[in-house]
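The values are calculated or read from the model by the stated rules, or taken from the named source; none is laboratory data. Keep in mind it's a predicted model, so treat the numbers as computed, not measured. Glycine also receives a Cβ, built like all others from the backbone with ideal geometry; neighbour counts cover every protein chain displayed. Protein only, heavy atoms only, side chains kept; ligands, DNA and RNA dropped before computing areas. Shrake-Rupley method; radii C 1.70, N 1.55, O 1.52, S 1.80 Å.
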Amino acid sequence: MTLELNQPAPDFTLPATGNQTITLSALKGKPVVLYFYPRDNTPGCTNEAIAFRDLYDQFTALGAVILGLSRDSVASHEKFKAKFSLPFDLVSDPEEVACQAYDVMRNKTMYGKPVRGIERSTFLIDADGNIAAIWRKVKVDGHAEAVLAKLREMVAAR
């Protein structure tokens, strides 16, 4: 399934940090930044999480919720969140429910070997639950700033 702008964001209910279960549709009424990343505690994923952390107050000032999502366990997420003082929740998707719905699983090559993993991707979901922006094959540098700029644009247009 190809996701397109202005269509409803695929819903999911998954375990997350803070001993909670997050249902995306329950967040309607607020914009959501949903970013998919390959693995906790890897250099790119750590830098991406830190970038969103450092801009967190600006995202929340615009009413947004940030969710990081990977296939790592909640226990791994809890350690990652604590280690880097992440103020937002991390969602665990070991069964690839949301990963499949958002079409982020890719065959990649790592150290010369084929592996299947998450392609770093971000989805900006508007307060009505529709996809407002999609970033695929994300490069970490400047990405959180680009998402924040798009969120500001979206909020100003409302």
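Numbers at a glance
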| read-out | value |
| --- | --- |
| Matching residues in the range 19-66 - criterion: being part of a loop (DSSP other than H, G, I, E, B) and among the aliphatic types (A, V, I, L, M) | 55, 62, 64 |
| Residues (part of a loop (DSSP other than H, G, I, E, B), under 24 Å from residue 2 (Cβ atoms) and open to solvent by 70 Å² or more (accessible area, probe 1.4 Å)) located in the range 84-109 | 95 |
| Residue 47 vs. criteria open to solvent by 70 Å² or more (accessible area, probe 1.4 Å), over 13 Å from residue 128 (Cα atoms) and in contact (Cβ under 8 Å) with a residue 40 or more places away in the chain | yes |
| Strands (runs of 3 or more DSSP E) wholly inside the range 110-158 that include at least 2 residues being of a type in the set (S, T, N, Q) and within 14 Å of the chain's Cα centre (by Cα) | 121-125 |
| Residues being open to solvent by 40 Å² or more (accessible area, probe 1.4 Å) and outside any helix (DSSP H, G or I) - total across the range 67-83 | 2 |
| Tally of residues being free of Cβ contacts under 8 Å to residues at least 12 places away in the same chain and open to solvent by less than 80 Å² (accessible area, probe 1.4 Å) across the range 110-158 | 5 |
